[in-house]
Amino acid sequence: MIQNFVIEVYDEYIVTENTATFKCNIPSFVKDYLTVIEWIEEPTGRIIKPTATIMIKLLNSKDNRYFMLPSGELYIKQADISLNHRSYKCRAKHRLTEQIFTSSSSGKLIITGKCIHT
């Protein structure tokens, strides 16, 4: 059992109605062996799995605001105040052992007010 490393997700600060991007931060010495398989939204328990559609279609979609890219990043499109302070953890799977690891930390989405141009 491999367990001498920590996977982390950092907080994301954005202006309302923008896109938030969360990354699963995996230590370099094990990065080649782990694949991000899903994200978990807290406190809702929503599971976000990889999105198998072409990127351009994803960004133009009006049906869904959550996208997990093949790179493992989580995009939250047009994030508004209703998502403020929700947290996200990532899960990764070891390619050889198939062991599942969940990030030790949650990244919190922190949304500020609209940007005002003067």
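Please list 3J(HN,Hα) in residue order for region 95-103, calculated via the Karplus relation 6.51 cos²θ - 1.76 cosθ + 1.60 where θ = phi - 60°; whole Hz, with x for glycine and proline.
The phi angles translate into 5, 8, 8, 6, 5, 9, 10, 10, 4 Hz.
Label-point separation (nm) for Thr19 and Asp80, each offset 7 Å from Cα along Cα-to-Cβ?
Going from the Thr19 label point to the Asp80 one covers 1.9 nm.
Quick check: residue separation of Ile110 and Arg65 times 0.36 nm, minus the Cα distance between them. What number comes out in nm?
Answer, rounded to one decimal: 14.6 nm.
Between Lys49 and Asp11, take the C-beta separation as r, use R0 = 22 Å, and let me know the FRET efficiency to the nearest 0.05.
0.45
Each value in this text was obtained by applying a stated rule to the coordinates, not by laboratory testing. As the structure is a prediction and not an experimental result, all values here were calculated from the model. Heads up, the Cβs are rebuilt from the backbone with ideal geometry, glycines too, and the neighbour counts pull from every protein chain shown.
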